[in-house]
Amino acid sequence: MACGTTLEGRWALVLGASSGFGAATARAFSQVGMNVFGVHLDPRRTLERAQEVIADIEGEGRRACFFNTNAADARRRSRVVRSMSEILAEDGGPVHIVVHTLAFGSLRPYIAEDPEVAVNQSHMEMTLNVMAHSLVYWTQDLLRAGLLGNGSRIYAMSSLGSQRVSSHYGPVSAAKAALEAHTRQLAVELAPQGIAVNCLMPGVTDTPAFRAIPGNEEIYERVVAQHPAGRITTAGDVAQTLVVLADPRLTWVSGTVIPVDGSEAVVAAG
């Protein structure tokens, strides 16, 4: 297994690896010599995007072991972890970095004249489970399987929506707030084992998840107009930040939320 400060030959696990932050991060990891486990959920019509990520990773001479499955389902998660264990038993471990970028949730208002339009219990529970609670369950299963160890690090993807109110964003906002709380708790409980846990808080980024938000075009235009750099955050900005944070020498940053927005939030707060 690789040692010292190099990332060459180490393994990353990217949850949500076929698009947006996950795809950019998986590609960026392979470019610095890492092998990538990817979990994604794509029907036939979007499967090509995962295949493209795999091809790009393998084009860098790295291994890409992808699983097209529901990352928020306990049984399917268990199957993936078993497969990872078998691969790492031959190739060495533990997983060096886990990136949680799962972004599937309800975009409904809490209050609406038509009850069918408003968020219901099923919508809320699904959103929290996928976008927040699954971080805890993946961490538990990876740890119990011996796939995390001293020097491993976990990064989840929050947003400014964890702190602010936006139309139709309530369930996702709640999930992001819970994700940050889970991060803090995991960081404290895993500190004795030398495992760091943090959140990134990217600025507004043009991803498939962002395009699903009602009024995303107006949000995009407003951020571009206000941003001191004159542009929004890109998935590449976030991916390169994660490459830096993957440096094995970085071990003492844990339990925090790290903005990756080029000062977008500072301006928005002014």
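The magnitude of the dipole of the chain, with charges of +1 and -1 set on the Cβ of Lys/Arg and Asp/Glu and taken from the Cα centre, is near 500 debye. With the simple model of a label 7 Å out from the Cα in the direction of the Cβ, A229 to R144 spans 4.1 nm.
Distance from the C-alpha centroid of the range 5-46 to that of the range 104-183: 21 Å, rounded to the whole angstrom.
Would you mind calculating the gained length between E60 and M126 on full extension (0.36 nm times residue separation, minus the Cα-Cα distance), in nm to one decimal? Don't jump to the answer; show the numbers that get you there.
Working: separation 66, 0.36 × 66 = 23.76 nm, distance 3.62 nm.
So the chain would gain 20.1 nm between E60 and M126.
The loop-placed GluC sites (Glu not before Pro) in the range 1-54, going by DSSP, that have at most 14 neighbouring Cβ atoms within 10 Å of their Cβ come out as E8.
Computed from label points 7 Å out along Cα-Cβ, the spacing between E189 and T6 is 3.6 nm.
Within the range 129-270, the proportion of Cα pairs with more than 22 Å between them is 42 percent. A simple rule links phi to the HN-Hα coupling: the Karplus curve 6.51 cos²θ - 1.76 cosθ + 1.60 with θ = phi - 60°, which for the range 175-181 gives 5, 5, 5, 5, 4, 5, 5 Hz, with x for Gly and Pro. Between the amide H of S106 and those of T127, distances stay under 5 Å, these residues lying 5 or more places away or on another chain, with hydrogens modeled in the peptide plane. Cut-off 10 angstrom, C-alpha nodes, Gaussian network model of the chain. Which of E180, E218, E58 fluctuates the most? Comparing E180, E218, E58 in a Gaussian network model of the chain, the most mobile one is E218.
Split the chain at each of the chymotrypsin sites (Phe, Trp or Tyr not before Pro) in a DSSP loop with at most 15 other beta carbon atoms within 10 Å, and the longest piece is 111-251.
Between Q163 and N216, the FRET efficiency estimated from the beta carbon spacing at R0 = 25 angstrom works out to 0.85.
The calculated FRET efficiency for A112 paired with E90, based on their beta-carbon distance and R0 = 51 Å, is about 0.45. Helices in the chain, meaning DSSP H runs of at least 4 residues, each add -39500 (n - 2.57). Divided by all residues, the mean residue ellipticity at 222 nm is -13000 deg cm²/dmol.
Where a number appears in this text, it was derived from the coordinates with a stated rule and is not lab data. All values reported here derive from a predicted model rather than from experimental measurement. With ideal geometry, Cβ positions are generated from the backbone for all residues, glycine too; neighbour counts draw on all protein chains shown.
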